[in-house]
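S.K.: If you scroll down you'll find the structure; I have some questions about it.
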Amino acid sequence: MLESLYLNLGQHDALSEEEKALLARAMSSERYVAAGEDIVTEGTRPIYSTLIVDGLAARYKVLEDGGRQFTSLQVAGDFVDLHAFLLKTMDHGIVALSPCHVLGAEHSKLKTITEQAPHLTRLLWLDTLVDGAIHREWIVAMGRRSKISHLAHLICELFVRLQVVKKTQEMSFHLPLSQAELADVLGLSVVHMNRVIGTLRRMNVINWTGHMITVLDWERLVVIAEFDPTYLSMAREPR
């Protein structure tokens, strides 16, 4: 069940069998979360950090007027709240956007890892740093990119991240988001969201049928998105 996590961390540097075993021993709970339910709720103080084994989730904030903004998407192999190990109180929620299979790593066991396994600790630290880098890219996209470029960037990012954990099929991947949820990602109305998707379709860079996205022209999509994957720190090197 931890293969996605091993692939995610292993893209940055090699994981030893001992390190894999430490991660496996840290997992102490397993649950299934229905689409639309919180995996972690804002204001709570988790005693474990949650790993997505399968499914799609999102970090989100809700305003007083009920408006919701997603601030990142979380895929298989992601710890959705590793930072809660040190921050303690969650300042945002994480909602399941599809049925999610999740595991919990006890904070007491993560503390043991930080004390006994410095290389693995650095990889977990890097995982949270990549989360921060993704947030920065999303802020830039929200504030400065055109909505067409913003959506193209999101598609590029998700394709690359899902490819790492072997959740793509050639140039296609499954994105189980409703139009309203996707609008919450880009900060648009549903009507405007449909127009942006339609524009990318007419440009013949993607095919979007149901919840399946197929990239038809990767190089052109990258240009439209101004996508540079450096922020994902995918080079495999000593950490």
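S.K.: Which of the following residues is under 30 Å from Arg25 (Cα atoms) and either of a type in the set (Gly, Ala, Ser) or in contact with a Cys (Cβ under 7 Å, 6 or more places away or on another chain) (or both): Ala133, Ala152, Ala183, Ala141?
M.R.: On inspection, the qualifying residue turns out to be Ala133.
S.K.: Please specify each residue of region 54-82 satisfying the condition of being surrounded by fewer than 19 Cβ atoms within 10 Å (Cβ to Cβ) and in contact with a strand residue (DSSP E or B) (Cβ under 8 Å, 6 or more places away or on another chain).
M.R.: Matches in region 54-82: Asp54, Lys61, Val62, Leu63, Arg68, Gln69, Thr71.
S.K.: On the given criteria, is Leu7 of a type outside the set (D, E, K, R), in contact with a Lys or Arg (Cβ under 8 Å, 6 or more places away or on another chain) and within 29 Å of Leu177 (Cβ to Cβ)?
M.R.: yes
S.K.: Related question: Cβ contacts < 6 Å: first residue part of a loop (DSSP other than H, G, I, E, B) and aliphatic (A, V, I, L, M), restricted to region 10-21; second residue modelled with pLDDT of 95 or more and open to solvent by 30 Å² or more (accessible area, probe 1.4 Å), any location; separation 6+ or different chain. Result?
M.R.: Note: pairs meeting the criteria are Leu15/Tyr6.
S.K.: So, of the residues in region 104-148 that are in a helix (DSSP H, G or I), acidic (Asp, Glu) and under 17 Å from Leu82 (Cβ atoms), which turns out to be most open to solvent (accessible area, probe 1.4 Å)?
M.R.: Glu115
S.K.: Now for a separate question. Go through the residues of region 113-133 one by one and say whether even a single one is within 13 Å of the chain's Cα centre (by Cα) and at positive phi.
M.R.: no
S.K.: Something else: Criterion first (in contact with a Ser or Thr (Cβ under 7 Å, 6 or more places away or on another chain), at pLDDT 95 or above and crowded, with 20+ Cβ neighbours inside 10 Å) does Ile39 satisfy it?
M.R.: Answer is yes for this residue.
S.K.: Could you run through region 204-239 and say how many residues are closer than 18 Å to Ser149 by Cβ and either assigned to a strand (DSSP E or B) or free of Cβ contacts under 8 Å to residues at least 40 places away in the same chain (or both)?
M.R.: So the answer is 11.
S.K.: Does Ala96 satisfy being free of Cβ contacts under 8 Å to residues at least 40 places away in the same chain and either in contact with a helix residue (DSSP H, G or I) (Cβ under 7 Å, 6 or more places away or on another chain) or within 29 Å of Leu22 (Cβ to Cβ) (or both)?
M.R.: The answer is no for Ala96.
S.K.: I would also like to ask the following. Working carefully through the options Gly36, Gly77, find the one that is part of a loop (DSSP other than H, G, I, E, B) and under 27 Å from Asp13 (Cβ atoms).
M.R.: Gly77
S.K.: Also: Could you give every pair whose Cβ atoms fall below 8 Å, whose first residue belongs to region 131-158 and is within 23 Å of Thr214 (Cβ to Cβ), and whose second residue is of a type in the set (D, E, K, R) and surrounded by fewer than 17 Cβ atoms within 10 Å (Cβ to Cβ), counting only separations of at least 6 or pairs across chains?
M.R.: As it stands, the answer is Arg145/Glu226; Ser149/Glu226; His153/Glu226, since those pairs meet every condition given.
The values are calculated or read from the model by the stated rules, or taken from the named source; none is laboratory data. Worth saying up front: this structure is predicted, and the values here are computed from it rather than measured. Note: ideal-geometry Cβ built from the backbone for every residue, glycine included; neighbour counts use all protein chains shown. Just so you know, the surface numbers come from the protein's heavy atoms only, side chains and all, with ligands and any DNA or RNA stripped out. Shrake-Rupley method; radii C 1.70, N 1.55, O 1.52, S 1.80 Å.
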